[in-house]
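Novice: Please read through the structure below; I'll follow up with questions.
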Amino acid sequence: MLSRKIEDKTVFIVFDMEWNQPFPGRDYKFDVSSLSGEIIEIGAVKYVYDSGILTEKGIFSCDVRPCKYTTLHYHVKKVTHKTNDDLKTGIPFEEAYKKFRAFCGDDFILAGWGNSDPDMLKMNLKFFDMDDKLNCFFLDIQPIFSMFAGERGKQRSVEFAVDHYGIPKNDSFHSATSDARYTGEIFKRIFDCNKTSEVLSVISSSSIDPDLKREYVNVGSETENPLDSLTMTEGWTKMCPICSSTFREEISRFRIRKSVYALYACDEHGEFFSRTRIKKNKSGKYYAASVLRFATQTDYYLVAAKREEYERFGSKGAPAPIEENTEETQEVKTP
Ligand SMILES: [Zn+2]
């Protein structure tokens, strides 16, 4: 139930969206954090998988008329090259989403570049009182590209990947439809340029259920000693956050510098990535912040790489700074 196997006739909907943003400091009649972006365009390409090949089966393109953020934010204007008049030509979000779902069909895997699009889609559905369950798996093509392109752990742009594969640049970037097309082309190339069995094995274990909470956070109480703080959340990290059953250890706990890593598994809910960090508060006391999340292939490689470092150098870690993983810098964004 955690991820989805890919078989012949599996349908992929590679999608991309553009959204407008609120102006900082402007007074809105609602909590802006509940709508950090309002969707203004949805683009998608449908592919059917068969014997190692993706075949394109249709394109979806729809401009959406925003009703909350009706003036283009300067940043969005710059990136998308849209105008305020463009915003008036779209159809209401509810209608656009219905059309999009009709295009998707009943059984498909949603795919995109980065994981912000499904989150933004769910946020808009919730804000406009629609059913925010997507009821499908989502595959983030970005880390899969990085892995097969030898760029593991790096967050590359769609344009970087397009250049990597020498895909002709006929459309401008940053329109939902052209970015969905480009992302689809990249996805096709990943299949074309690599061993089918390897691609299948990676993507079959990488899709996630966007309707499930992906990340669980627990903060322990203060301690005087940094290492003592770790014991405060240790028990919490050893249980599945969904069903509370005790995890099996796939890669057992180990500490490198201020972080403890592990890879756990629940028989029912699959693999979890676990990381606990020792932090210091303003009064000089220590506490532990633990994260458990559904492990993606990227997480798996992160823990495996850290484990290797641990086995070579112990808890002090490698003496020279090892290549900084993007995963490390993402942590700040964690809600
Ligand atoms: Zn469980």
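Values quoted throughout were computed directly from the atomic coordinates according to the rules given, and no laboratory measurement underlies them. It should be emphasised that the depicted structure is a prediction, and the values quoted were computed from it without experimental measurement. Glycine gets a Cβ as well: all are built from the backbone with ideal geometry, and neighbour counts include every protein chain shown.
Novice: Which of C104, C67 has the fewest other C-beta atoms within 10 Å, and how do the rest follow up to the most?
Specialist: C67, C104
Novice: Please give the contour-minus-distance gain from S259 to D106: 0.36 nm per residue of separation, less the Cα-Cα distance, rounded to one decimal in nm.
Specialist: The S259-D106 span can extend by a further 50.8 nm.
Novice: To the nearest 20 Debye, how big is the dipole of region 215-315 about its Cα centre, given +1 on the beta carbon of each Lys and Arg and -1 on that of each Asp and Glu?
Specialist: Dipole size: approximately 560 debye.
Novice: Using a ≥ b ≥ c from the Cα gyration tensor of region 54-166 (square roots of the eigenvalues), is it rounded, prolate or oblate, where a/c under 1.5 gives rounded and otherwise the larger of a/b and b/c decides, a/b for prolate?
Specialist: Here region 54-166 falls in the oblate category.
Novice: How big is D for the chain, in µm² s⁻¹ as a whole number, if Stokes-Einstein is applied with the Kirkwood radius of its Cα pairs at 37 °C and 0.692 mPa s?
Specialist: After rounding, the answer is 151 µm²/s.
Novice: Below 13 angstrom from the Cβ of Y47, what's the summed charge of the other residues (Lys, Arg +1; Asp, Glu -1)?
Specialist: +1
Novice: Could you work out how far the C-alpha centroid of region 147-179 sits from that of region 253-287, in angstrom?
Specialist: Computed from Cα coordinates, the inter-centre distance equals 33 Å.
Novice: Here's a follow-up. Find out how many positive minus negative residues lie around A265, taking Lys and Arg as positive, Asp and Glu as negative, among other residues whose Cβ is under 9 Å from that of A265.
Specialist: -3
Novice: Shifting gears a bit: Rounded to whole Hz and in sequence order, give me ³J(HN,Hα) for region 123-139 from the Karplus expression 6.51 cos²θ - 1.76 cosθ + 1.60, θ = phi - 60°, writing x for Gly and Pro.
Specialist: Working through the residues one at a time gives 5, 5, 4, 5, 4, 8, 6, 10, 5, 8, 7, 7, 6, 7, 8, 10, 10 Hz.
Novice: What is the fewest-to-most order of D63, D16 by other Cβ atoms lying within 10 Å of their Cβ?
Specialist: The most exposed by this proxy come first: D63, D16.
Novice: Moving to a separate point now. Got a sec to turn the phi values of region 77-88 into Karplus ³J(HN,Hα) couplings, 6.51 cos²θ - 1.76 cosθ + 1.60 with θ = phi - 60°, whole Hz, x for Gly and Pro?
Specialist: 4, 5, 6, 9, 6, 8, 10, 4, 5, 4, 5, 7
Novice: Would you list W113, W236 from fewest to most Cβ contacts within 10 Å?
Specialist: Least to most surrounded, the residues fall as W236, W113.
Novice: So, one more: Would you mind computing, in nm to one decimal, how far apart the modelled labels at S252 and E151 are, each placed 7 Å from Cα along Cα→Cβ?
Specialist: 3.9 nm
Novice: In addition: Over 26 Å between C-alpha atoms is what I'm after, so list which of K46/K133; K68/K188; K88/K122; K133/K154; K77/K169 land there.
Specialist: In this structure, K68/K188; K133/K154 exceed 26 Å between Cα atoms.
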